[in-house]
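Colleague: Please read through the structure below; I'll follow up with questions.
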Amino acid sequence: MGVTIDDGTGAGNVAIVDATNLLGVRAVIETELVEASEMGDAYSWSNVSYDYAAADTILLVQNTSVIQNMRIDSFYIQGSTATEIVIHCPTVTFVPAGTAVTGTNMNRTSGKAASAVAKANETNNTQGVVIFRGAIAAAPSDPYVIDLGGTLILGYGQSVGVDFVSDGSACRVTIIGHFSRVS
Amino acid sequence: MTVLKDGTGTGNLAKVGEHNDLHTRSITVSELSYVSEQGNAFQAEGEAVILATASGEQTVLILINDGTESLEIGNIFISVRTESDATKITVVKLYLGSVTATGGTIKNSINLNTGAVNVADVTLLDHNPTIAGTDYMIMESYFQIGQNSLTVPFDGGIVLQTKGSFRVTVKGAAAVTAGLTCDTSFQFWPEIEV
């Protein structure tokens, strides 16, 4: 014999199980990214466009948290010139060098700062494993979006970079990510 | 009478609405994100080069499931590029089947959880391996060279049985004037019971 779930507010309502044996629920759903943002753990890193050279790492983000993994949600990529793009995770430990990029907390009520180092025009990395190799058009009206949904997971000291293969005069890369407890 | 009560000691009680629906709040975790946490999500990446004199269909990347578990295929990313001619059109096709492949270049799949050590039990070949057997086209799309990569969000909607194959091909336009390079990558993971 099962139990009946009663309303806890005193309205007298009881939960339904329908003819297909499904419990009726009214669910407020949110993504992991939204949940992380509510906790003040979601960030955006964007470079300021510059006149880049071939094979530049336009933007690189490194996780410096020893207690949380960094989960990469999406990339927004745009450039002045049609080019191959390479998204990669360096496998050799290194100290990023370049133009500092401060992560912006997506929750503006949070005062947390990202446990991360981000550099535009990063010059100290060596390409490791290539996660994605693709292309962007010259100055498209919309950025090219790669949605990984938090699937790419970076541990302490690990990083992800976006390289443009062909030379161009303007480049814009944004990386969205969030931190989650090491499971 | 059964009322669901918060277990953390706040005294909060769950609501059942006027339509008899239990009010809940859930965090949506994609299957791919979940399996990545377990260290079982992988990325395949490969390329094929069509020389100026070739116009036949070439396999950019093929995955054959060598394991005992079924595999699911997630987002597929495809691009075709050239340095000298951005006006040409190529044809990109996706195939499912149980073919075998020889030659080409062996590729390693990449664990998307960079701290995980699990290795996928698959065969991955790029650079136009020789295909034997029959497979079945599930998508054909024209693609203009030099544009943003094409994203096909299957989100696990493709399931490969043991020895099942999935491959991406590209065919250059007849009047290709320079070498074309086609890159593709996609995510895959062992099917899980939920």
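Colleague: Scan the range B:9-34 for residues that are among the aliphatic types (A, V, I, L, M), more than 12 Å from A:Ile29 (Cβ to Cβ) and either at pLDDT below 90 or in contact with a His (Cβ under 9 Å, 6 or more places away or on another chain) (or both) and report the count.
Modeller: The number of residues fulfilling the criteria is 2.
Colleague: Among the listed residues B:Thr105, B:Thr114, identify the single one that is surrounded by 13 or more Cβ atoms within 10 Å (Cβ to Cβ) and in contact with a Pro (Cβ under 9 Å, 6 or more places away or on another chain).
Modeller: B:Thr105
Colleague: Turning to a different aspect of this structure: Identify, please: which residue in the range A:151-175 is within 7 Å of chain B (Cβ to nearest Cβ) and either assigned to a loop (DSSP other than H, G, I, E, B) or more than 12 Å from the chain's Cα centre (by Cα) (or both) and is, among those, surrounded by the most Cβ atoms within 10 Å (Cβ to Cβ)? Talk me through it step by step, then tell me what you get.
Modeller: Within the range A:151-175, the subset within 7 Å of chain B (Cβ to nearest Cβ) is A:151-155, A:158.
Now drop any that are not either assigned to a loop (DSSP other than H, G, I, E, B) or more than 12 Å from the chain's Cα centre (by Cα) (or both), which leaves A:155, A:158.
On the way: A:Gly155: 16, A:Gln158: 21.
Restricting to residues being within 7 Å of chain B (Cβ to nearest Cβ) and either assigned to a loop (DSSP other than H, G, I, E, B) or more than 12 Å from the chain's Cα centre (by Cα) (or both), the top hit is A:Gln158.
Colleague: So, one more: Identify the single condition in (1) of a type in the set (A, V, I, L, M); (2) in a loop (DSSP other than H, G, I, E, B); (3) under 18 Å from A:Trp45 (Cα atoms) that A:Leu148 does not satisfy, given that it satisfies every other one.
Modeller: Single failed check for A:Leu148: (2).
Colleague: Condition first: farther than 21 Å from B:Thr181 by Cβ and either among the basic types (Lys, Arg) or more than 20 Å from the chain's Cα centre (by Cα) (or both). Can you find one or more residues in the range A:70-77 that meet it?
Modeller: Yes; the residues of the range A:70-77 include at least one that is farther than 21 Å from B:Thr181 by Cβ and either among the basic types (Lys, Arg) or more than 20 Å from the chain's Cα centre (by Cα) (or both).
Colleague: Go through the range B:21-71 and tell me which strands (runs of 3 or more DSSP E), entirely inside it, have 1 or more residues that are more than 11 Å from chain A (Cβ to nearest Cβ), in contact with an Asp or Glu (Cβ under 9 Å, 6 or more places away or on another chain) and among the hydroxyl-bearing types (Ser, Thr, Tyr).
Modeller: B:57-65
Colleague: What are the residues in the range A:78-104 that are under 13 Å from the mean Cα position of the chain (by Cα) and either within 19 Å of A:Gly149 (Cβ to Cβ) or assigned to a loop (DSSP other than H, G, I, E, B) (or both), if any? Can you show your working first?
Modeller: Initial filter on the range A:78-104 (under 13 Å from the mean Cα position of the chain (by Cα)): A:87, A:103-104.
The answer is A:Ile87, A:Gly103.
Colleague: Among strands (runs of 3 or more DSSP E) lying entirely in the range B:110-194, which contain 2 or more residues that are within 14 Å of another protein chain (Cβ to nearest Cβ) and in contact with a Phe, Trp or Tyr (Cβ under 9 Å, 6 or more places away or on another chain)?
Modeller: B:150-160, B:165-171, B:180-190
Colleague: If you don't mind, another one. Condition test on A:Gln127, is it part of a loop (DSSP other than H, G, I, E, B) and in contact (Cβ under 8 Å) with a residue 40 or more places away in the chain?
Modeller: yes
Colleague: Would you say A:Ala137 is among the small types (Gly, Ala, Ser), away from chain B (no Cβ under 13 Å) and over 15 Å from the mean Cα position of the chain (by Cα)?
Modeller: Answer is no for this residue.
Colleague: How about the range A:90-131: which of its residues are among the charged types (D, E, K, R) and surrounded by fewer than 20 Cβ atoms within 10 Å (Cβ to Cβ)?
Modeller: Step one: filter the range A:90-131 for residues among the charged types (D, E, K, R), giving A:108, A:112, A:119, A:122.
Those that are among the charged types (D, E, K, R) and surrounded by fewer than 20 Cβ atoms within 10 Å (Cβ to Cβ): A:Arg108, A:Lys112.
The values are calculated or read from the model by the stated rules, or taken from the named source; none is laboratory data. Owing to the predicted nature of the structure, the values given are computational and were not obtained by experimental measurement. As a convention, Cβ positions derive from the backbone with ideal geometry for all residues, glycine included, and neighbour counts pool all protein chains shown.
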